[in-house]
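The values are calculated or read from the model by the stated rules, or taken from the named source; none is laboratory data. Every value quoted in this text rests on a predicted model; they were computed, and no experiment measured them. No Cβ is skipped: glycine too gets one built from the backbone with ideal geometry, and neighbour counts run over all protein chains shown.
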Amino acid sequence: MAPAPLGLNFAARLAALGPVAVIARSAARAAELRAGVEVGGVRFRPDAFGPDALPGADWVIVLVKAGDTAEAARTALAMGPRGVVSLQNGLTGDVLRAACGEVPAGQGITTEGAFRDGLRVQPSGAGETLLPPGFEAVAALLQRAGFKARIEPDIVAARLVKLLMNLAINPLAAIFRVTNGALAAPPHRRLLDALVDEACRCCAPGPAPDAAAARERVVAVALATGANRASMLQDVEAGRRTEIDAITGVFLDMARRHGAAAPTHQAVFTLVKRLEG
């Protein structure tokens, strides 16, 4: 449920297996999508709906900006699903579960990449999609559609790893206006490493995570999605609100609760907020 680049990429691939509904912000936007959009070089004409004419659905995948989570959850509930799973950036699971009530809801993660190139959507690197227990049927569908997807029993730890990647890659891509791959090389690599190291020291009480291993994972993701224009970069270029509050803002709150200082992340947060302004 999201006509953003990554959401359209998921929808286009799943549509090869059976009916998939794409939910747009308005009836007018839904009509534009039904006319067709190029995704990965192929014309995709989704079954798109506005929020006032929703179809039923067995499962809903939420891929909207973090600030739109509660509204998206209410829309999802109106579709009468068996469950709602988010693949958003940031930590939005609590908001999703609170809005969904008794309907099973959870937050997974994905490192798939896609960006908008004019009127086209361009996939930009195959990643991995991890889902919380209870969404085995969704994982199976994603696997059939060609995604590398699986259930992750320790999804909380996996989300923290994904948050670490977003903390390093998204803000720097937005500040320097570069693709993900450029962050793995000088001059940006030094700042990328600094953000990862600081996050490892501040992210939780107890022993710090292995910073060297964390840097290696973040760089591997940056290279695997090397052509991707990060979502925060796309938002800054389009003059939209970014997800900096749900990513770096959430991390800074965590660091403060644990009595840890994170000056590099605070500086990055301030710069992105200025770019938003």
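Can you pull out the helices (runs of 4 or more DSSP H) entirely within the range 206-277 that have at least 1 residues that are hydroxyl-bearing (Ser, Thr, Tyr) and in the same structural domain as LEU160 (by TED's automatic domain parsing)? Show your work before the answer.
Details: elements: 211-224, 231-238, 250-257, 263-276.
Ranges flagged: 231-238, 263-276.
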| Is it true that some residue in the range 140-158 is part of a helix (DSSP H, G or I) and of a type in the set (Val, Ile, Thr)? | yes
| query | Of (1) within 25 Å of ALA114 (Cβ to Cβ); (2) touching a helix residue (DSSP H, G or I) at 6+ places or on another chain (Cβ under 6 Å), ARG189 satisfies all except one. Which? | reply | (2)
| note | If we keep only residues of the range 47-75 that are more than 21 Å from the chain's Cα centre (by Cα) and not hydrophobic (A, V, I, L, M, F, W, C), then the residue farthest from ALA137 (Cα to Cα) is ASP52
| message | Against the condition out of contact with any Leu (no Cβ under 6 Å at 6 or more places or on another chain) and not assigned by TED's automatic domain parsing to the domain that holds LEU195, how does PHE135 come out, does it pass? | response | yes
| message | Condition first: free of Cβ contacts under 8 Å to residues at least 40 places away in the same chain and not acidic (Asp, Glu). Now tell me which residues in the range 89-103 satisfy that. | response | VAL95, LEU96, ARG97, ALA98, ALA99, CYS100, GLY101, VAL103
| message | Show me the strands (runs of 3 or more DSSP E) found entirely inside the range 1-86 where at least 2 residues are touching an Asp or Glu at 6+ places or on another chain (Cβ under 8 Å). | response | 21-23
| query | Does GLU276 count as among the acidic types (Asp, Glu) and in contact with a helix residue (DSSP H, G or I) (Cβ under 8 Å, 6 or more places away or on another chain)? | reply | yes
| field | Residues that are closer than 10 Å to VAL84 by Cα and either among the β-branched types (Val, Ile, Thr) or not in a helix (DSSP H, G or I) (or both), drawn from the range 95-109 | value | VAL103, PRO104, ALA105, GLY106, GLN107
| query | Can you tell me how many residues in the range 37-49 are modelled with pLDDT of 95 or more and among the small types (Gly, Ala, Ser)? | reply | 1
| Complete set of residues in the range 120-143 that are over 19 Å from the mean Cα position of the chain (by Cα), over 17 Å from ARG159 (Cα atoms) and among the small types (Gly, Ala, Ser) | ALA137, ALA140
| said: Please go through the range 25-40 and give me each residue that is buried (at least 21 other Cβ atoms within 10 Å of the Cβ) and within 20 Å of the chain's Cα centre (by Cα), ordered by number. | reply: VAL39
| message | Anything in the range 104-130 that is in contact with a Phe, Trp or Tyr (Cβ under 7 Å, 6 or more places away or on another chain), surrounded by fewer than 22 Cβ atoms within 10 Å (Cβ to Cβ) and in contact (Cβ under 8 Å) with a residue 60 or more places away in the chain? List them, or say none. | response | GLN122
| note | Picking from VAL218, VAL250, the residue that is surrounded by 20 or more Cβ atoms within 10 Å (Cβ to Cβ), within 19 Å of ALA158 (Cα to Cα), under 20 Å from the mean Cα position of the chain (by Cα) and not charged (D, E, K, R) would be VAL218
